[in-house]
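Have a look at the structure below, then the notes.
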Amino acid sequence: MCLAVPGRVLEIEERDGTRMATVDFGGVVKDVCLEYLPDLRVGEYAIVHVGFALQRLDEESARRTLDLFGDLGLLEEEFGDAWEQAAKVGEER
């Protein structure tokens, strides 16, 4: 299954003419293309699907969605073992 997952933008840069971001999905960090959301800023949240940021999302909704996906075990399926370790770190906060 391939989910659309909320993540928080940590950094933005241009790579080979494409606007890219480093995005944190609750501890799992991935590179994401921002071409569909050219005005997205550092610190904002977006729904990401197959490496593309598709829609801006508020922090509360992002956190609720990540919690729900985590409870259902969907994030481990999407991100692998790294998600499980990141989720444990998030619980300690």
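The values are calculated or read from the model by the stated rules, or taken from the named source; none is laboratory data. It should be emphasised that the depicted structure is a prediction, and the values quoted were computed from it without experimental measurement. As a convention, Cβ positions derive from the backbone with ideal geometry for all residues, glycine included, and neighbour counts pool all protein chains shown. Areas reflect the complete protein model, heavy atoms only, side chains present, ligands, DNA and RNA absent. Shrake-Rupley method; radii C 1.70, N 1.55, O 1.52, S 1.80 Å.
Assorted remarks:
- Close Cβ contacts (under 9 Å, 6 or more residues apart or on different chains) running from residues in the stretch 58-72 that are under 13 Å from I47 (Cβ atoms) and modelled with pLDDT under 90 to residues that are among the aliphatic types (A, V, I, L, M) and part of a helix (DSSP H, G or I) comprise L66/L75; L66/A87; F69/L75.
- Some residue of the stretch 13-24 being within 18 Å of R63 (Cα to Cα) and open to solvent by 60 Å² or more (accessible area, probe 1.4 Å): no
- Among the residues making up the stretch 10-42, those that are over 14 Å from the mean Cα position of the chain (by Cα) and of a type in the set (K, R) are R15, R19.
- Taken over the stretch 1-46, residues that are in a loop (DSSP other than H, G, I, E, B) and touching a Gly at 6+ places or on another chain (Cβ under 8 Å) amount to 2.
- Candidate set: the stretch 49-60, residues that are farther than 19 Å from L72 by Cβ and in a strand (DSSP E or B); chosen: the one most open to solvent (accessible area, probe 1.4 Å): Q55
- Selected residue (only one of A82, A46, A87 is open to solvent by less than 40 Å² (accessible area, probe 1.4 Å), in contact with a strand residue (DSSP E or B) (Cβ under 7 Å, 6 or more places away or on another chain) and either of a type in the set (G, A, S) or at pLDDT 85 or above (or both)): A46
- On inspection, G27 qualifies as open to solvent by 40 Å² or more (accessible area, probe 1.4 Å), modelled with pLDDT under 95, closer than 27 Å to L72 by Cα and small (G, A, S).
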